[in-house]
Amino acid sequence: MKILVTGAAGFIGSNFVYYLLEKHEDEVWALDLLTYAGNLKNLDGCKDNPHFHFVKADICDRENINKLFAEERFDIVVNFAAESHVDRSIENPGIFLKTNILGTQVLMDACLKYGVSRYHQVSTDEVYGDLPLDRKDLYFTESTPLHTSSPYSASKASADLLVMAYHRTYNLNMTISRCSNNYGPYQFPEKLIPLMIHNAQNNIPLPVYGQGLNVRDWLHVYDHCSAIDLIIRHGQNGEVYNVGGHNEKANIEVVKTILKILDKPQSLITYVTDRKGHDLRYAIDPSKIQKELGWKPKYHFEEGIKETVDWYLNHQEWLDSITSGAYMEYYQRMYGNR
Ligand code: NAD
Ligand code: TYD
């Protein structure tokens, strides 16, 4: 099979490309615009694989996307390409609407035009909004209403609605996955876990928003990849699948775990001004994908987070190449006066 993976030089996309090449004999086409978040170094380990092909392209560039689809005739398209950071969406929503919504439309139009048999939209649990901290009995299911908080989550929810509309109106063969927060190798250090690892390593204060009590449901990126792989091959046309491993942690707990693994003092923690509209708690009910597709996560958080910290320690050059230049400007802008 010929599979197009968009956003393939980003965090989850690159992990998914490695997953596909390891588990299957498919021809894998990795597409990425290489924005600040896309890094070709993330794909270094597969550049000599004869089943791997890289294309630099913008999913919003209709002409170029149509040309690629006409030439390559993909069987499956998996769309990871997106602007993905909530804090950046609060600063500048426009690019989120363009890439996350209009880019999705361009890809789906190409799927219809060139007879792609399955379009998969990588969505997020953030489309459901948040749950209260004092109702541990509540979880997001696939039928929880969409109720977004940030421009990022609103753009992802809009894309989901558009994907469903293309299914109903034009019979697009599609699936959607909505996963909880991922951690693991190759994550850009603007996100909680790699940012805290990088700061702790360098004895820079660890900026915890608010009181650090917001809860996220963490899943190792490998387990997200295995879920998407199952969905694109065995998922039902037109269905949404929630993906999560029942691993809820308050942010402060995650930060303290990282400090402990790195043997750094808790005095590095600094509480800073909270994120605007900060979602309180995410918690996924994954029973549908477990029952229908037999998906099970491989990682427990305790071993996954240790392995992840080790990965960043062993990839110092990768981290250094990202955390200089534009990253420093971003960091100063975001945290300088917080
Ligand atoms: P990321 O920011 O690390 O990667 C996004 C990639 O998309 C980058 O390589 C970037 O260069 C590329 N890209 C951006 N605009 C593009 C465009 N116009 N054309 C082509 N490529 C473009 O993000 P990630 O964390 O790997 O997330 C990937 C997907 O998974 C996103 O759709 C995100 O909403 C979703 N998701 C992420 C998480 C998480 O915890 N990180 C959880 C659930 C869902
Ligand atoms: P993040 O990794 O940005 O993912 P998301 O907002 O998509 O869940 O943030 C995870 C949590 O960590 C979120 O509650 C915000 C918090 N956070 C901090 O406290 N400090 C930080 O510097 C960052 C980046 C996030």
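The values are calculated or read from the model by the stated rules, or taken from the named source; none is laboratory data. Computed from a predicted structure; not experimentally measured. Cβ placement follows ideal geometry from the backbone for every residue including glycine, while neighbour counts extend to all protein chains displayed.
Descriptive notes on the structure:
- Whichever residue in segment 311-326 is over 12 Å from Leu195 (Cα atoms) and surrounded by 13 or more Cβ atoms within 10 Å (Cβ to Cβ) and, among such residues, is modelled with the lowest pLDDT: Ser321
- Residue satisfying all of: in segment 161-183; aromatic (Phe, Trp, Tyr) and more than 13 Å from ligand 2 (Cβ to nearest atom); farthest from the chain's Cα centre (by Cα) among these: Tyr170
- For segment 43-86, a residue qualifies if it is within 26 Å of Lys191 (Cα to Cα) and charged (D, E, K, R), and the qualifying residues are Asp44, Lys56, Asp58, Glu83.
- Filter result for Thr6 (surrounded by fewer than 20 Cβ atoms within 10 Å (Cβ to Cβ), closer than 30 Å to Met334 by Cβ and either in contact (Cβ under 8 Å) with a residue 12 or more places away in the chain or among the small types (Gly, Ala, Ser) (or both)): no
- Qualifying residue in segment 184-207 (condition: touching a residue at least 24 places away in the same chain (Cβ under 8 Å), within 16 Å of ligand 2 (Cβ to nearest atom) and in a strand (DSSP E or B)): yes
- Checking each residue of segment 88-96 against the condition of being free of Cβ contacts under 8 Å to residues at least 40 places away in the same chain, aliphatic (A, V, I, L, M) and outside any loop (DSSP other than H, G, I, E, B) gives at least one match.
Conditions (1) at pLDDT below 95; (2) within 14 Å of ligand 1 (Cβ to nearest atom); (3) outside any loop (DSSP other than H, G, I, E, B), marked per residue:
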| position | (1), (2), (3) |
| --- | --- |
| Tyr36 | no, yes, no |
| Asn42 | no, yes, yes |
| Pro50 | no, no, no |
| Val55 | no, yes, yes |
| Phe74 | no, no, no |
| Val78 | no, yes, yes |
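- Residues of segment 255-291 satisfying the condition of being within 30 Å of Val78 (Cα to Cα) and not in a loop (DSSP other than H, G, I, E, B): Arg281, Ile284, Ser287, Lys288, Ile289, Gln290, Lys291
- Lone unmet requirement of (1) in a helix (DSSP H, G or I); (2) buried (at least 21 other Cβ atoms within 10 Å of the Cβ) for His167: (2)
- Residue selection: Lys260 satisfies the criterion of being of a type in the set (Lys, Arg), closer than 19 Å to Ala250 by Cα, more than 16 Å from ligand 2 (Cβ to nearest atom) and surrounded by fewer than 16 Cβ atoms within 10 Å (Cβ to Cβ).
- Filter result (surrounded by fewer than 24 Cβ atoms within 10 Å (Cβ to Cβ), of a type outside the set (A, V, I, L, M) and not in a loop (DSSP other than H, G, I, E, B)) within segment 238-254: Glu239, Glu248, Lys249, Asn251, Glu253
- For the residues Glu22, Glu83, the requirement of being surrounded by fewer than 17 Cβ atoms within 10 Å (Cβ to Cβ) and either in a strand (DSSP E or B) or modelled with pLDDT of 95 or more (or both) singles out Glu22.
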